[in-house]
Amino acid sequence: MGRIIGITDIHGEYEKLCRVLEKITPQKDDTIVFMGDYIDRGKKSKEVVDKIIDMKNICNCVYLTGSHEYAMLHAKTDEYYNYLFWNYGGDATAESYGGFDNIMKIHGDFFNNLKFYHIIGNYLFIHAGVRIGIPLEDQSEEDMVYIRSAFYNNKHHLPYKIIFGHTEFDTPQIQDDKICIDTGCGKYKNAPLTAIVIDENGKETFINSD
C-alpha cells in the first residue's frame, strides 16, 4: 500500500498539473484520485486529460467527474447545462480539442466512465460533497458535483473523512470530517493547484504548484 494522492479542479492548467506531479513523484504503489474539473477556463484541457490518462502507466489512478465534466456531458441534451458549459470556460475546452464534437471523439471513453466518488480506507473522495442526512448510495448526481455550503458548513456524519474540491479557498480547508483542496487553480490567474498526499501512516500533507 503506497500513498494516497488527491488532485482536483485542474481546469486546463497543464503546466501547474505537471509541476505538482513532479513534486510528488508518484510511485508504482501510489494511488492518485483525480477528483474532476479537468477541463474549461485554462487553455490546455486536452493536454490535461492526456496527462492524467497517461499517469495510469506509472501508478494506480481513479478518475472522478466534476461539475464541468457533468455540464459538458449534458450540454447537447439539456439547455441549462449547455448554458453552464459555455459560460464557465467551455470555449477554451472546445478550442483545445479543435471543436466541441471532438471532445467526445477523442476522449469519449474517458468521460463516459468517470465515477462520482471513491472510497479508500477511511477516506471518501468526491468532487463537491454530499447532501447531509442522505445515505451515500442515495445521493443525487447533481449534489455530488455541485453542492457547496450545505455540505461544507455542516458535519456529514458519514464514517469517512471526505476529501473534496469544487469550492475554492486560498488554502486547503481542514475540518475534522472533511478537507477541501481546491485553491482556485484555473479560476484565478496566480492561484496554485494543490494536492493532498496521505502517506502510509496516515499523515496528510499538501503539495502545490507554486
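The values are calculated or read from the model by the stated rules, or taken from the named source; none is laboratory data. Just so you know, these numbers come straight off a predicted model, no measurement behind them. For neighbour counting, all protein chains shown are included, and Cβ atoms are generated from backbone atoms with ideal geometry for every residue, glycine included.
Out of the stretch 46-59, which residues are out of contact with any Pro (no Cβ under 9 Å at 6 or more places or on another chain) and closer than 16 Å to H118 by Cβ? Answer for the stretch 46-59, where residues must be out of contact with any Pro (no Cβ under 9 Å at 6 or more places or on another chain) and closer than 16 Å to H118 by Cβ: I52, K56. Whenever a residue of the stretch 121-139 is over 14 Å from L64 (Cβ atoms), its partners that are among the charged types (D, E, K, R) and outside any strand (DSSP E or B), lying with C-beta atoms within less than 6 angstrom and at least six residues away or across chains, give the pairs R131/D143.
Does Y38 fit the bill of being farther than 16 Å from F111 by Cβ and among the hydroxyl-bearing types (S, T, Y)?
Judged against the criteria, Y38 is not a match.
Please list, ordered by first then second residue, the pairs with beta carbon atoms under 9 Å, 6 or more apart or interchain, first in the stretch 162-191 and closer than 22 Å to D91 by Cα and β-branched (V, I, T), second at pLDDT 95 or above and outside any loop (DSSP other than H, G, I, E, B). Every condition considered, the pairs that remain are T167/S149; T167/F151; T167/Y152; T167/Q173; T167/C180. Against the numbered list (1) on the phi > 0 side of the Ramachandran plot; (2) part of a helix (DSSP H, G or I); (3) small (G, A, S), G133 comes up short only at (2). The set of residues in the stretch 147-173 being over 19 Å from T205 (Cα atoms) and crowded, with 19+ Cβ neighbours inside 10 Å consists of I147, F151, Y152, H156, H166.
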